[in-house]
Amino acid sequence: MDTQARYYYEPSKGHGLAHDPLNAIVGPRPIGWIASRSPEGHRNLAPYSFFNCFNYHPPIIGFASVGYKDSLANILATGEFVWNLATRPLAEKMNLTSAALPAGSDEFDFAGLTPVAGSVVGVDRVAESPVNFECRLTQSLQLQSAAGDKIETWLVLGEVVAVHIDPSLIEDGSYQTAKAKPILRAGGPSAYYGISEALRFDMQRPQVP
């Protein structure tokens, strides 16, 4: 293998490309469509492309906020949030919630989405979204570089304490991922991808004697 032919760069010195390839290589990525509420009761809804699931029992999901944003401030203050599945039919409305609105604005109203009270937490979920996770904050930490320097990015982890799933997405006891039409963030300023059953393949974990 000729490694000399590889495009090479050291991130601290710049990548030299039109767009940073990092989030295109690590992708596509699930979207953290996070609802929160301020201590004063103001709703907030925002998408985060650094998001994933990290544990089964208890179920723990997390997202990273690049910058100290309203979602982070709300969650740290109240200890609660709701994740909403972003789907292809909701893509445009999800994108609207990424707008930099004035403080205290309601992204539910701005995007024309319906808030529904959480069953366990005091945060509204997106009624139009087919899956919602109600979460309680477990940990939050500010990231740091290898040199120990603090970075203006915070990782937020939450335990899923209640789950809402559109019953049409469950067949023979199994959740149908492709049927939900989730959208995933890719690289560059605008790239997203979908999931289709046609692209599915299956592998079983090998059994070592």
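Considering amide H positions built from the backbone, and no H for Pro or chain starts, which residues 5 or more places from Thr138, or on another chain, come under 5 Å of its amide H?
Leu157, Gly158, Glu159
For a quick check: with amide H placed at 1.01 Å from N, whose amide H comes under 5 Å from Tyr48's, ignoring anything fewer than 5 positions away on the same chain?
Excluding prolines and chain starts, which carry no amide H, the hits are Gly32, Trp33, Ile34.
With +1 on each Lys and Arg Cβ and -1 on each Asp and Glu Cβ, and nothing else charged, work out how big the dipole of region 107-164 is about its Cα centre, in Debye to the nearest 20.
It comes to approximately 200 debye.
By how many nm would the segment from Ile60 to Thr177 grow when fully extended, if each residue of separation counts as 0.36 nm and the alpha-carbon distance is taken off?
40.2 nm
What size of dipole, in debye to the nearest 20, comes out for region 19-193 about its Cα centre when the only charges are +1 on Lys and Arg C-beta atoms and -1 on Asp and Glu C-beta atoms?
260
Hey, can you grab everything whose amide H is under 5 Å from the amide H of Ser105? Only 5+ residues off in sequence or another chain; H modelled, so Pro and N-termini drop out.
Excluding prolines and chain starts, which carry no amide H, there are no hits.
Please check: in the Gaussian network model of the chain (C-alpha springs, under 10 Å), which one of Asp20, Asp109, Asp149 has the largest mean-square fluctuation.
Fluctuation is largest for Asp149.
Rounded to whole Hz and in sequence order, give me ³J(HN,Hα) for region 34-39 from the Karplus expression 6.51 cos²θ - 1.76 cosθ + 1.60, θ = phi - 60°, writing x for Gly and Pro.
9, 9, 8, 9, 6, x
How far apart, in nm, are two points set 7 Å out from the Cα along the Cα-to-Cβ line at Gln204 and at Ile170?
Those two pseudo-labels are separated by 2.7 nm.
If you plug each phi of region 114-123 into the Karplus form 6.51 cos²θ - 1.76 cosθ + 1.60 with θ = phi - 60°, what whole-Hz ³J(HN,Hα) values come out, in order, with x for Gly and Pro?
Each residue's phi maps through the Karplus curve to give 9, x, 10, 4, x, 7, 10, 9, x, 10 Hz.
Find how many whole Å separate the alpha carbon centroid of region 66-92 from the alpha carbon centroid of region 35-54.
A separation of 2 Å, based on Cα centres.
Need one number: nm distance between label points at Ala73 and Leu17, each 7 Å from Cα along Cα→Cβ, rounded to one decimal.
Here the answer is 3.5 nm between the modelled labels.
Which value in Å does the Kirkwood hydrodynamic radius of the chain take, with 1/r averaged over all unlike C-alpha pairs and then inverted?
18.8
If r is the Cβ-Cβ distance from Val120 to Tyr7 and R0 is 45 Å, what FRET efficiency results, to the nearest 0.05?
Efficiency computed from Cβ-Cβ geometry: 0.40.
Return the sequence-ordered ³J(HN,Hα) values of region 188-203 in whole Hz as given by the Karplus equation 6.51 cos²θ - 1.76 cosθ + 1.60 applied to θ = phi - 60°, using x for Gly and Pro.
With coefficients 6.51, -1.76 and 1.60, one gets x, x, 8, 7, 10, 9, x, 10, 10, 5, 5, 8, 6, 9, 10, 9 Hz.
Percent relative contact order of region 59-209, based on C-alpha pairs within less than 8 angstrom and at least six residues apart?
That works out to 26 percent.
Values in this text are rule-based calculations from the coordinates and carry no lab data. On a predicted model such as this, the values are computed, not experimentally measured, just so you know. Ideal geometry is used to build each Cβ from the backbone, glycine not excepted, and the neighbour counts take in all protein chains shown.
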